[in-house]
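Participant: Structure provided below as structure tokens; questions to follow.
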Amino acid sequence: MVNPKHVDKILQTAKFSRREFLFLSGISVLFATLPACKAGQTVGEKPLAIRYATGGATPPTEIQIAIFSEFLQKEVLQHYGNEYTVNITTTKGTPEAQTLLVAEQADFATLAFSTIATTVAKDAVPGGISIVAGLFVDGEPGYGGNTYLVLEESGIQTAEDLRGKTLGVNALGTAVDIILRVYLRNNGIDPNTDVKFAEVGFGAMGAALREGRIDLGSFVHPFMDLEEQKGGVRTLFSAAEVLGPNSAVATVARNKFLEEHPEAVRAFLDDWVRGLDWLIDENNREKAIEIMSDISKTPPETLGLYYGKPGVDYYRNPLACPSAQALQVGVDAMVSEGFLDQKISIAPLVDTSYLPKPCP
């Protein structure tokens, strides 16, 4: 961009006709009044507004909400406000996020392996979807994962003790729901006839369990840490015990949107990885916890119980690479247990070409 000071200097030292002088003076004034712009931005062009539907959880489980927080927008991200902005819609669970994608009211969404599979099986999104980024892997060796809790005083010790009980999931059809059903079937319990299900948001799951409205709750970080900190609860089983390492959720996008806005998508995911790198840096851990606490309304000391701690927290690929294998195990479980009529292959859905660095 031309520096207006250079124009002024030329005007002061060069000889021009009156007409030329007035013309160049006008250019100098024009440059002085133009807004500063970043590389790649066209003056007057608005950044693309990307619509993102969450899967019902808060950061750091859905860490993208922290990545695009106000602090990181200002201090860490390089393209936000120039090439794109993000409008985040908080949903009750991935089925609701799926509905927004189908209606083309969201461009990106956090979907569970279950809702990814049903979306593809039904060819529900015009033009299809692609898995463009990973969020976390549950039960990766050396890391933590999701658990299913009961009250210590409930007397529930095994799957058999769940007969006739009410089980809490954030929403029917989500990953935690499918994993719970697989656990029941693996232990001779018919989830359709032997138990009841209640939809309870993750944030209200602990209260529902303690008040006796449910007999077992499905818990993700940070809610299970909060309940364990309070005491009086016990892990009946973990998701990793049912499926092994698995990706409960991943980030997907509508293919039409990817094709229509490739550069904005690359800028968005470049910032995603940039923000993720900052958040998982142990030097920024205290500030990262502060940011996520403000968003999730979870006390910092509770987040500190697990966030960034080996053996406790989830595994997050630092390049935001999704794991097709970790997603596939959940989809295969759906097929084997009769939740899907056909096998869905995850690997062909993965498109990491928009990420800033190649995935191994």
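Participant: Given axes a ≥ b ≥ c from the Cα gyration tensor, I'd like to know whether the chain is rounded (a/c under 1.5), prolate (a/b larger than b/c) or oblate.
Facilitator: The shape class here is prolate.
Participant: Oh, and also: Express in nm, to one decimal, how much length is gained between ARG213 and CYS359 on full extension, taking 0.36 nm for each residue of separation and deducting their alpha carbon distance.
Facilitator: Taking ARG213 through CYS359 to full extension adds about 48.1 nm, to one decimal.
Participant: Hey, with R₀ at 45 Å, roughly what FRET efficiency would LYS46 and THR193 work out to, going by the Cβ-Cβ distance, to 0.05?
Facilitator: 0.25
Participant: Can you give the extra length, in nm with one decimal, that the chain gains between LEU172 and ASN284 once fully stretched, where that is 0.36 nm per residue apart less the Cα-Cα distance?
Facilitator: Contour length minus Cα-Cα distance gives 36.7 nm.
Participant: Distance between Cα centroids, segment 82-151 to segment 175-207: provide it in whole Å.
Facilitator: 19 Å
Participant: What list of ³J(HN,Hα) couplings, whole Hz, do you get for segment 137-154 from phi and the Karplus terms 6.51, -1.76, 1.60, once you set θ to phi - 60° and write x for glycine and proline?
Facilitator: For segment 137-154, the Karplus curve yields 10, 8, x, 4, x, x, 10, x, x, 6, 9, 10, 10, 10, 6, 4, 7, 6 Hz.
Participant: Just for the chain, what percent of DSSP beta bridges are antiparallel, to the closest 5?
Facilitator: About 55 percent, rounded to the nearest 5.
Participant: Quick check on segment 147-243: take the gyration tensor over C-alpha atoms, sort the square-rooted eigenvalues as a ≥ b ≥ c, and tell me if it's rounded (a/c under 1.5), prolate or oblate.
Facilitator: Here segment 147-243 falls in the rounded category.
Participant: Could you tell me what percent of the DSSP beta bridges with both partners in segment 147-243 are antiparallel, to the nearest 5?
Facilitator: Close to 55 percent.
Participant: Something else now. Enumerate the amide H contacts of ALA248 below 5 Å, restricted to partners 5 or more residues apart or on another chain; note that Pro and chain-start residues carry no placed amide H.
Facilitator: Distant-sequence amide H within range of ALA248: ASP138.
Participant: Counting other beta carbons within 10 Å of each residue's own, what order do ASP161, ASP271 fall into, fewest first?
Facilitator: If I rank by nearby Cβ atoms, fewest first, I get ASP161, ASP271.
Participant: Okay, next question. Run the helix sum for the chain: -39,500 (n - 2.57) per DSSP H stretch of 4+ residues, divided by residue count, reported at 222 nm to the nearest 500 deg cm²/dmol.
Facilitator: Here the helix-only value at 222 nm equals -11500 deg cm²/dmol.
Participant: Label segment 213-360 by shape, choosing from rounded, prolate and oblate, from the square roots a ≥ b ≥ c of the eigenvalues of the Cα gyration tensor; if a/c is under 1.5 it is rounded, and otherwise prolate applies when a/b is larger than b/c, oblate when it is not.
Facilitator: oblate
Participant: Take the Cβ-Cβ distance between LYS230 and GLU75 as r, set R0 to 51 Å, and report the resulting FRET efficiency rounded to the nearest 0.05.
Facilitator: In this case the efficiency is close to 0.90.
Participant: For the pair LYS92/ALA204, report the inter-label distance in nm, with labels modelled 7 Å from Cα in the Cβ direction.
Facilitator: So the label points at LYS92 and ALA204 sit 0.9 nm apart.
Participant: Hey, what do the phi angles of segment 62-79 turn into as Karplus ³J(HN,Hα) couplings, whole Hz, using 6.51/-1.76/1.60 and θ = phi - 60°, x for Gly and Pro?
Facilitator: Karplus values, whole Hz, x for Gly and Pro: 9, 5, 4, 5, 6, 4, 9, 5, 4, 4, 5, 4, 7, 9, 10, 5, 9, 10.
Participant: ALA133's amide H: which non-local residues (gap 5+, or another chain) put their own amide H closer than 5 Å, with H modeled 1.01 Å from N in plane and none for Pro or chain starts?
Facilitator: For ALA133, the qualifying residues are THR251.
Participant: Within a 10 angstrom radius of the beta carbon, how do HIS221, HIS79, HIS261 rank from fewest other beta carbons to most?
Facilitator: Exposure proxy ranking, most exposed first: HIS261, HIS79, HIS221.
Participant: Could you compute the FRET efficiency for GLU153 and ASN82, with r as their C-beta to C-beta distance and R0 at 45 Å, rounded to 0.05?
Facilitator: About 0.20, to the nearest 0.05.
Participant: Another question about this same structure. Most exposed first by the Cβ proxy, i.e. fewest other Cβ within 10 Å, how do GLU104, GLU140, GLU45 rank?
Facilitator: GLU45, GLU104, GLU140
Participant: At 0.36 nm per residue, minus the direct Cα-Cα distance, what do LYS343 and GLU160 gain on full extension? Give it in nm, one decimal, please.
Facilitator: This chain segment gains 62.9 nm when fully extended.
Participant: Expressed as a rounded percentage, what relative contact order does the chain have, with Cα pairs under 8 Å and six or more residues apart?
Facilitator: The value is 24 percent.
Participant: Tell me the label-point distance for the pair GLU104, GLU263, using the 7 Å Cα-to-Cβ offset, in nm and rounded to one decimal.
Facilitator: For the pair GLU104/GLU263, the computed spacing is 2.3 nm.
Quick note: the coordinates plus some simple rules give every number you see, no bench work behind them. Owing to the predicted nature of the structure, the values given are computational and were not obtained by experimental measurement. Please note: Cβ atoms are built from the backbone with ideal geometry, for glycine as well, and neighbour counts cover all protein chains shown.
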